[in-house]
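FYI, it's all coordinate maths here, none of it is from the lab. Please read these numbers as outputs of a predicted model, since none were measured by experiment. Using ideal geometry, Cβ is built from the backbone for each residue, glycine included, and neighbour counts are taken over all protein chains shown.
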Amino acid sequence: MPWGSSRAPRSRAPASARWPSAWRRDSRVSCGRPNSVWPRSPPASTRSPPWVEAGELKKADFIHQSLQAALDLIESSGLPKGATAALGARLRSLSQRLRDLQHWRRWGADQHREALCAAMEALREQDLPLATVAERLHALKTDWQEVERAGSPANKPLWERFHQAAAVVGERVRPLLAAQATEQDSNRGSREQVCRELEAFLSQVDWERVEWKWVMRAECEVRYAWSLIGPCEPRERRRLGRRYH
């Protein structure tokens, strides 16, 4: 029976304002109080503060470099040395805090990478269903990429350790991933076939003389057939979903 559906197609601010918010909240630290509220040694937790993970520290580094360049330009312009003394002292104080936080970020990122390496190495031998192994492999790779974006680049030994273990796990689940890819490609073809038949039906219906009970029955059938088709690659599923609806 031809497919049918009754649905119509859908058819420049002060520099202080640009410092990370967490720094502005901690305004009690000044050039007169060199001891930072942040510890020189990293805390027990391997997780960085949320604002560090959100990229604020990278923004602070860029702002610091801009401020230092501006201060150097002012000092070379011939103004009396005392004109920028307070600004220079304040910037030096913040520079030390920035170095402390960068050290913290590197330490935390490396601790996180160590944990990811250990988890990936354990996954090589764990007696788990291949589908579970594939899911954990994907999750660990995603975590590694997030650390790369938020923290400093990985040192070579850690990078090699993680990717060597990931390669072993990848070989373990390769047959499953190949079978899934074949199934998804078949499902994509089935969805495309439904779309073609639905488009052909809609182009031939005489909407002024159609029997609406027949149209509604055809709509139920095509929806049911569409729901029986298994998953396909997410991008293709979204594309075909827009075409179908």
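Under 20 Å of direct C-alpha separation, and excluding same-chain neighbours fewer than eight residues apart, Lys213 reaches these aspartates and glutamates: Glu197, Glu199, Glu221. When each of Tyr224, Tyr244 is scored by the number of other beta-carbon atoms lying within 10 Å, the sequence from fewest to most is Tyr224, Tyr244.
Most tightly packed first, judged by the mean number of other beta-carbon atoms within 10 Å of their residues, the peptides 191-202, 109-120 read 109-120, 191-202. Sorting the segments 153-160, 203-210, 132-139, 71-78 by their residues' average number of neighbouring beta-carbon atoms within 10 angstrom, most packed first, yields 132-139, 153-160, 71-78, 203-210. Length, then width, then depth: along the principal axes, the Cα atoms of the range 181-244 run 44, 18, 15 Å. The value given for the range 127-245 is a Kirkwood hydrodynamic radius of 18.1 Å, derived from the mean inverse Cα-Cα separation.
Would you work out the relative contact order for the range 181-244, in percent, from Cα pairs under 8 angstrom that are 6 or more residues apart? Can you show the working numbers first?
Numbers: 27 pairs, mean separation 42.9, N = 64.
Value for the range 181-244: 67 percent.
Annotation: aspartates and glutamates with alpha-carbon distance below 16 angstrom to Lys156 (same-chain offsets under eight excluded): Asp110, Glu114, Glu148.
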